[in-house]
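Each remark here refers to the structure printed beneath this line.
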Amino acid sequence: CHLHGLVHRDMKPENFLFKSAKEDSPLKATDFGLSDFINPSRKFTDIVGSAYYVAPEV
């Protein structure tokens, strides 16, 4: 996602799912509802995410 200029902004265990029940199944990120595109000329000032998982310095 970062290679395409997208930041998730709500990283937590519930937002990761395995594609199948197979042991070698890939892990997929889900729930991009709070995601945003990176713009080098804009500073992110919004505090978003799930409160329990937001870093203390935020």
Local net charge near TYR52, Cβ-Cβ under 14 Å (Lys/Arg +1, Asp/Glu -1)
-1
Under 5 Å between amide hydrogens, which residues at least 5 positions from LEU6 or on another chain qualify, with H placed 1.01 Å from N in the peptide plane?
ILE38
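Over the chain, what relative contact order in percent results from Cα pairs under 8 Å that are six or more residues apart?
Values: 54 pairs, mean separation 22.3, N = 58.
In percent, rounded to a whole number, it is 38.
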Simple SL model, points at 7 angstrom along Cα→Cβ for ALA21 and LEU6; separation in nm is 2.9
Ordered by number, the trypsin sites (Lys or Arg not before Pro) in segment 19-58 that occupy a DSSP loop and have at most 13 other Cβ atoms within 10 Å are LYS19, LYS22, ARG42, LYS43
Using log10 I(q)/I(0) by the Debye sum over Cα atoms at q = 0.13, 0.20, 0.25 Å⁻¹ as the read-out, say which of (i) -0.35, -0.76, -1.03; (ii) -0.60, -0.80, -0.93; (iii) -0.43, -0.86, -1.11 was calculated from these coordinates.
(iii)
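Every read-out reported here was derived from the displayed coordinates using simple, explicitly stated rules and does not represent laboratory data. What you are looking at is a predicted structure, and each value in this text was computed from that prediction instead of being measured. Note that we place each Cβ from the backbone using ideal geometry, even for glycine, and neighbour counts take in every protein chain shown.
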